[in-house]
Each structure stands twice: as structure tokens, then as C-alpha cells.
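As C-alpha cells, the structure follows; a few thoughts come after it.
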Amino acid sequence: MFSIMDARAGSSAALFAVFEQLKKAWIKGGWSWDSRFACVASSFNVELEAEARAVVLKFLPTEWTSRTIVNGPPALREVAEATGGVRTDQRVFTGDTSGRLLGWGLWWPWGDEITISLRIGIGGYVLDPDMARLRETFGTAD
């Protein structure tokens with residue numbers, strides 16, 4: 001059960017509570033596991049961009065661009081490097097960066113001007129149970 005002690009800034013319980021709320025508020029169902037980047041993903045039509053962006057910013061309110069990512073915390077820069085860098089049309093969203101885990105959201109327009117993907121994952125000092133919990137939270141566990 002989620003307690004007040006777990007809600008302290010930087011706790012993994014607080015991060016997964018944020019992820020649970022993001023999933024509930026998401027503009028559409030259907031999260032899938034992206035094994036390439038060890039994260040969950042949901043794709044949507046650009047017509048839903050404003051609504052999707054509002055949901056992301058509610059739960060992951062700090063936005064990083066190709067220009068600002070260099071000023072991000074080390075765990076965020078590692079995520080950006082591991083996923084191929086941040087192009088000018090891409091964004092990375094984060095929440096609290098003070099804990100062992102860094103929750104992130106990659107905003108990736110496909111280049112076809114029709115589809116955008118949001119990938120949600122964790123960085124930092126990630127343990128196997130953390131990855132299992134990410135998959136369980138978004139309903140992608142096997």
C-alpha cells in the first residue's frame with residue numbers, strides 16, 4: 001500500500017504512483033513493451049497532440065530539448081544517449097530527478113506528420129524488480 005512515507009520526493013513508490021496516474025489519464029489505451037529501449041510505448045495521431053502533451057506535462061512537467069538536454073542530470077543524458085540522442089523535433093519529459101530512479105517520457109514524432117509515440121521508462125540505478133514494476137504498471141507484463 002502507498003503510504004505518506006513512500007510519497008517523499010525521490011522515492012520509487014512516488015515515481016510509480018505518478019506512472020499509475022499518467023496511465024489512467026492517458027488519451028488512449030494500449031501500451032506496449034518496447035524491447036529496443038526497455039520501456040513502454042503508446043502511439044497516437046497528431047490530431048491528439050495537444051491533449052497528449054497536456055497529460056504528459058501534468059505528470060512529467062520538466063521538458064528537455066536537443067539544446068537543453070546537455071544541462072540535464074547524468075541519468076537523463078544517459079537515457080538520451082542510449083535511445084539515439086534527441087532530435088530537434090523530439091522532447092524528453094521528466095518529473096522529480098532527485099531519487100534513485102529517473103522517470104522519463106520520450107516524445108517522438110515519426111516524421112510522417114501523422115503519428116507520434118510516447119515512450120515511458122526509467123533510468124538511474126534500475127534494478128530488475130523496477131523493470132518488472134514498470135511493465136506491471138502499464139499492463140505489458142508477460
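Read-outs throughout are calculated quantities, based only on the coordinates presented, and are distinct from any laboratory measurement. Keep in mind that what you see is a predicted model, and the values were worked out from it rather than measured. No Cβ is skipped: glycine too gets one built from the backbone with ideal geometry, and neighbour counts run over all protein chains shown.
Tell me, Ile114, Ile69, Ile120 in order of fewest to most beta-carbon neighbours within 10 Å?
Ile114, Ile69, Ile120
Which ordering of Lys58, Lys23 is given by a fewest-first count of other beta-carbon atoms within 10 Å?
Least to most surrounded, the residues fall as Lys58, Lys23.
Please name whichever of Gly103, Pro73, Ile120 sits farthest to the positive end of the charge dipole of the stretch 59-132, dipole taken about the Cα centre and charges placed at Cβ: Lys and Arg +1, Asp and Glu -1.
The listed residue farthest towards the positive side: Pro73.
Largest first, please: the extent of the C-alpha atoms of the stretch 77-134 along each principal axis, to the nearest Å.
That works out to 36, 21, 19 Å along the principal axes.
Just need log10 I(q)/I(0) for the chain at q = 0.10, 0.13 Å⁻¹, Debye formula, equal scatterers on the alpha-carbon atoms, no solvent, rounded to two decimals.
With one equal scatterer per Cα and no solvent, log10 I(q)/I(0) is -0.30, -0.52.
What is the mean projected area of the alpha carbon convex hull for the stretch 36-120, to one decimal in square nanometres?
5.4 nm²
Quick one: what are the phi-derived ³J(HN,Hα) couplings along the stretch 93-104, Karplus 6.51/-1.76/1.60 with θ = phi - 60°, whole Hz, x for glycine and proline?
10, 9, x, 4, 10, 8, x, 5, 10, 10, x, 9
Which whole-Hz ³J(HN,Hα) couplings does the stretch 58-65 yield from phi under the Karplus relation 6.51 cos²θ - 1.76 cosθ + 1.60, θ = phi - 60°, glycine and proline marked x?
5, 9, 10, x, 9, 9, 10, 10
Could you sort the peptides 13-22, 46-55 by per-residue average Cβ neighbour count (10 Å cutoff), highest mean leading? If you can, show how the numbers build up before the last one.
Working: 13-22: 18.2, 46-55: 13.8.
Order by mean packing, descending: 13-22, 46-55.
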